[in-house]
Amino acid sequence: MKGAMPPRPFMVPGPGGPMPPPQQFGLVETRPPLAAVLRPRFNIPGLHPSAAAASAASKIASTYDLVEPMRFLYVHVVKARDLPAVSAAGTIDPFVEVKLGNFKGTTPVLGANHNPSWQQVFAFSATHLQAHVLEVAVKAKDLAGGDDLIGRVGFDLAEVPIRVPPDSPLAPQWYRLETKRGEKTRGEIMLSVWLGTQADEAFPDAWHSDAHAAAGPAAVASTRAKVYFSPKLVYLRVAAIGAQDLVPVDASRPVSACVKLQLAWQVRRTRPGAPPGTLNPIWNEEFMFVVSEPFDEPLFVTVEDRIGPGRDEPLGRIMLPLNAAMPRHDHFGKPVEPRWYSLLRPSDDPDKKEGKFASKIQLRMSLDFGYHVLDESTYYSSDLQPSSKHTRKPSIGILELGILGARNLIPMKGKDGRTTDAYCVAKYGPKWVRTRTILNTLNPQWNEQYTWEVFDPCTVITVVVFDNNQIGKNGDARDESIGKVRIRLSTLETDRVYTHFYPLLALKHSGLKKTGELHLAVRFTCTAWVNMIALYGRPLLPKMHYTQPISVMQLDYLRHQAMQIVAARLSRAEPPLRREVVEYMLDVGSHMFSLRRSKANFYRITSLFCGFAATAKWYDGIRSWRNPITTVLVHMLFLILICYPELILPTIFLYMFMIGLWNYRYRPRHPPYMDTKLCHAEFTNQDELDEEFDTFPSNRPAEIVRMRYDRLRSVGGRVQTVVGDLATQGERAHALLSWRDPRATAIFIFLSLVVAIVLYVTPFQVLLVIAMLYLLRHPRFRSRMPSVPFNFYRRLPAKSDMLL
């Protein structure tokens, strides 16, 4: 990176001194010369201190202060006029060719137009300035062979003006075309040329010299930087209550009526109505769908007679627009009243006027704007706002992301003689951003900055690097993912700029592989401290998720439907954000079984008990008198707390305060990143990975599926044993008073009476002292055999002997 200091590994202070992270998959802190971290006292070699201060101040004032400025030569080709005819028919098919050294860009060909208008911008990177003269040529398309030159205009790069936003755009001017010999010819072209940076308004839609190898207009469009927004999603709640006066197709057969609800590809069915065989069935079943604005998809309701498995005969149908549903923005509104609708017979014309008699169905429909429609996992969601704008909270801050570049990417197109055509996609909330594609390089430099409003700090931003496969001749190939980075905003300090190289990791059939490093600059700025602190005491999701909760299974189904809607909508944009890109960003397959993830979650649970294990080990050392001085001090502490019980809670909270204060020295100094050891990606064999990437249903050979099934049975057997042991302990506790063992219950209730009498007549503090001295007695007075209460509990009956 030009002008940047060499990156150094990030050092984390610890009790034994600074320790470097793992070399292969660790995070690397950098010090790029960003305007956000420069100060007026920054000295630039060769500049007067006042000039250096002014330069730094101008950079700090810039909007793009989290990226390095990149110089571009912009050429805005507006239009031409009075072009001469070149064909026998007196017409011309003109286009413009902009050439700088070996880089050349062309406008579309406009057929039979003497006064064409292109309105196209070309951007040449400063690294591609291979000549001192910019040549703009107007040519005529010749289908027979080489194109005809109409005229040209040349610009000396030393005379090109420099434009710095927020200056107004440079006004284009008319230039007379010249021949190769410098003679004036007929025709003029209007254009403007200037030097700028990526902060220029023309940057996103410009043709870039980085994408000069793209084949065709569609491929060029797929290389541009764009911003996308997810569609506004709402839950549609439909309750099928009942129907009346159904007309059976076959009167000799009892009717088994059910309702089929279809909204686009979302289909739900009720159970057969009650009582069986009636023509006035009752269902009382409620379903939820995911809909998106502008709510142009209708809801099809069909009452069917279930004849047999897979055989349904329609009895009536109706098409309802979504504006027939009542909008609900919160749970305080009036309840939704059900309505009766007339059903059309299958043979009736939908446009036919309703007759005097028709079957009826009673439905209750509402558009629940008070929910947040989940299209991501709640564990790393980037948006928690309700669909209703009326109930949304104000923003608490701003998230700024600078996508600087990447290094050491793996070649994704090695078979085609190319390296990688990389671009980044970042998502936070409903806003998606896509950087431009840098062609054929393993070390792309984007230097693009984006901004989001933050409404909740407990959210996650996701950044993924993809390889663009729309460049070459195989324009419809899938874009391959290179690596993913997630950053939780609550782990960031406010107003601090984090600049790191994040490892890009890919889990393939062959195992874990590092695919490169992504260079990011992140800053979270809080604008409402009081509101942000108050958010930590509020529910994570909107109120309707708690007043009218949705079941977990239904939420998973709705999340899958929401992801499909978002992917379908963004894939229709221009240029499209492809379906595989959206699905990878939203983790479509995260709910599928993975033995690797199961192991990771198991060890996550066991790691939670490390504190309890350490406490038990400390207690065992105290009661074993390994260090007599420590044991005596613990005795004294317990005696003080027993004599003054009002000090117990203050002591506990003071202890937690001191621990937190002590751990502040060792707090994380960098954002979180993908932990390969936590997710067990480094210790997984190839068969487990092959099972993880298998399709559903499986397409592997029968013997492999049988082997995996047997392995899953063995794992399930161990889980079954653990669950059975937990159930046994609970049943033994329940058997204390259930008289399943009459002698054990009699002994327990008699001892309970004795203990109650002793507790009534003995001060509680005395009992605590006796219990403490008994538990911490010297090993000489302790037996290795299990205690009497433990033996008594182990002898209690459980229901395990009642299982087959």
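Brief remarks on what is shown
- Criterion: in contact with a Phe, Trp or Tyr (Cβ under 8 Å, 6 or more places away or on another chain) and either open to solvent by 50 Å² or more (accessible area, probe 1.4 Å) or at pLDDT below 90 (or both) - qualifying residue of Arg271, Arg306, Arg345, Arg339: Arg271
- If you go through the range 555-575 and keep only what is free of Cβ contacts under 8 Å to residues at least 24 places away in the same chain and farther than 21 Å from Thr378 by Cα, you end up with Ala568, Ser571, Arg572.
- Any chance Ala746 is at pLDDT 85 or above, under 30 Å from Leu639 (Cβ atoms), assigned to a helix (DSSP H, G or I) and open to solvent by less than 70 Å² (accessible area, probe 1.4 Å): no
- Which listed residue, of Ala214, Ala251, is open to solvent by less than 20 Å² (accessible area, probe 1.4 Å), modelled with pLDDT under 90 and in a loop (DSSP other than H, G, I, E, B): Ala214
- The range 498-542, subset of a type in the set (Val, Ile, Thr) and assigned to a helix (DSSP H, G or I), residue surrounded by the fewest Cβ atoms within 10 Å (Cβ to Cβ): Val530
- Applying the condition of being among the hydrophobic types (A, V, I, L, M, F, W, C) and assigned to a strand (DSSP E or B) to the range 162-186 and asking which residue is least open to solvent (accessible area, probe 1.4 Å) yields Leu177.
- Residues that are more than 16 Å from Pro94 (Cβ to Cβ) and either of a type outside the set (Lys, Arg) or at pLDDT 90 or above (or both) within the range 180-195 comprise Gly182, Glu183, Ser192, Val193, Trp194, Leu195, listed in sequence order.
- Taken as a whole, the condition of being under 19 Å from Lys180 (Cα atoms), hydrophobic (A, V, I, L, M, F, W, C) and open to solvent by 50 Å² or more (accessible area, probe 1.4 Å) applies to Val133.
- Residue identified as touching a Leu at 6+ places or on another chain (Cβ under 9 Å), outside the structural domain of Lys484 (by the TED database), farther than 28 Å from Lys514 by Cα and open to solvent by less than 80 Å² (accessible area, probe 1.4 Å) among Ile648, Ile659: Ile648
- Any hit, the range 761-774, residues being open to solvent by less than 100 Å² (accessible area, probe 1.4 Å), more than 52 Å from the chain's Cα centre (by Cα) and farther than 30 Å from Thr631 by Cα: no
- Criterion applied to Ser594, Ser607, Ser624 was being exposed (fewer than 13 other Cβ atoms within 10 Å of the Cβ) and either among the small types (Gly, Ala, Ser) or on the phi > 0 side of the Ramachandran plot (or both), and the one residue passing it is Ser607.
- Test for Asn323: is it in a strand (DSSP E or B), open to solvent by 70 Å² or more (accessible area, probe 1.4 Å) and under 23 Å from Gln548 (Cβ atoms): no
- Yes/no for Arg407 being open to solvent by 20 Å² or more (accessible area, probe 1.4 Å), free of Cβ contacts under 8 Å to residues at least 60 places away in the same chain and either among the hydroxyl-bearing types (Ser, Thr, Tyr) or over 19 Å from Tyr546 (Cα atoms) (or both): no
- Here is the figure for the range 477-497: residues that are open to solvent by 20 Å² or more (accessible area, probe 1.4 Å) and not in a strand (DSSP E or B) total 7.
The values are calculated or read from the model by the stated rules, or taken from the named source; none is laboratory data. Nothing here was measured: the structure is a model prediction, and the numbers come from that model. Note: ideal-geometry Cβ built from the backbone for every residue, glycine included; neighbour counts use all protein chains shown. Accessible surface areas use protein heavy atoms only, side chains included; no ligands, DNA or RNA. Shrake-Rupley method; radii C 1.70, N 1.55, O 1.52, S 1.80 Å.
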